[in-house]
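Derivation of every value follows stated rules applied to the coordinates shown; laboratory data play no part. All values reported here derive from a predicted model rather than from experimental measurement. Please note: Cβ atoms are built from the backbone with ideal geometry, for glycine as well, and neighbour counts cover all protein chains shown.
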Amino acid sequence: MIKLKNVTKTYKMGGEIIYALKNVNLRIKEGEFVSIMGPSGSGKSTMLNIIGCLDKPTEGEVYIDNIKTNDLDDDGLTKIRRDKIGFVFQQFNLIPLLTALENVELPLIFKYRNSMSEEERRERALKCLKMAELEERFANHKPNQLSGGQQQRVAIARALANDPPIILADEPTGALDSKTGERIMQLLKKLNEEDKKTVVVVTHDINVARFGERIIYLKDGEIEKEEKLRGFDDK
């Protein structure tokens, strides 16, 4: 489902070349739940951005669902992000003027435009809110009327709207208390196990990372080690 082959990412800072990633090789199978850990500056967010087609590697190859993304133009990358990937961020990134339901409908409007009726969009958005375990009575609440945990559930529902096979979560519990964060991780685990989503989580919290089947540890832009927590076929 996800493959990085000899991926390097560099930036220029003054006259110096900074390595965010160095010759990284990684395979993530369809239906896996993988956590990526590392200290600040280790390259974990850069890796997630490259997997999510938000950034391109300086060197190496990236494959998403057997599609090589390196040579795709902006339209091609947009299509991959729209159809293959759902994003969940630490700060939720909800549009404050829209209701929870309207936030979830947005990806459907962008993808289907005139080919899906308003009624169909609403039905799909409500289904996604239900999958994210947000009660329907909150559907017409705006983000500032929701708790942090509820906002993150809306963000997860939005990530599910186009039924992508991959969910990428960047510090999804970082803005939440530990109890609420655990409930969010249980939800991502459920989506992985029951809905067969491939889930990749970037985190600095070992308790969050241990929801995955394996942990990839990054240090100075390189994979330092991997820890297998349970067999991929043991779910």
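Can you give me the angle between helix 118-131 and the longest principal axis of the chain, using Cα atoms only, in degrees from 0 to 90, rounded to the nearest 10? The helix 118-131 is inclined about 60 degrees to the chain.
May I ask you to evaluate 6.51 cos²θ - 1.76 cosθ + 1.60, the Karplus curve with θ = phi - 60°, for each residue of the range 194-207 and list the ³J(HN,Hα) values in order in whole Hz, giving x for glycine and proline? Along the range 194-207, the couplings run 8, 9, 6, 6, 7, 10, 10, 10, 9, 7, 9, 9, 5, 5 Hz. Estimated from helices alone, the mean residue ellipticity of the chain at 222 nm is -10500 deg cm²/dmol (sum of -39500 (n - 2.57) over DSSP H runs with n ≥ 4, per residue). Were the residues from Asn140 through Asp220 laid out at 0.36 nm apart, the gain over their Cα-Cα distance would be 24.4 nm.
Among the trypsin sites (Lys or Arg not before Pro) in the range 99-154, those located in a DSSP loop and surrounded by at most 16 other Cβ atoms within 10 Å of their own Cβ are Arg113. Rg/Rh, computed from the Cα trace of the range 1-40 with Rh as the Kirkwood radius, has the value 1.10.
Amide H contacts under 5 Å for Lys219: Glu224, restricted to partners 5 or more places along the chain or on a different chain, H placed in the peptide plane at 1.01 Å from N.
In degrees, nearest 10, range 0 to 90: what is the angle between the Cα axis of helix 148-160 and the longest Cα principal axis of the chain? With rounding to tens, the tilt is 80 degrees. Please name which of Gly86, Leu101, Asn114 has its Cα lying farthest along the dipole of the range 63-210 towards the positive end, using unit charges on Cβ (Lys, Arg +1; Asp, Glu -1) and the Cα centre as origin. Of the listed residues, the answer is Leu101. Restriction of the GluC sites (Glu not before Pro) in the range 129-159 to DSSP coil positions whose beta-carbon has at most 13 other beta-carbons within 10 angstrom yields Glu135.
Assuming a strict under-12 Å limit between Cα atoms, what lysine pair count do you get for the range 118-235 once near-sequence pairs (fewer than 8 apart, same chain) are dropped? Close lysine pairs under the 12 Å cut-off: 4.
Our note on the geometry: Cα centres of the range 174-220 and the range 57-131, 20 Å apart. Here the dipole of the chain is about 120 debye; that uses its Cα centre as origin and unit charges on the Cβ of Lys and Arg (positive) and Asp and Glu (negative). Between helix 100-112 and the chain there is an angle of about 70 degrees, using the helix long axis and the longest principal axis of the Cα atoms.
If R0 equals 35 Å, the separation of the Cβ atoms of Tyr112 and Glu61 corresponds to a calculated FRET efficiency of about 0.65. Taking every DSSP beta bridge that has both ends in the chain, the antiparallel portion is near 55%.
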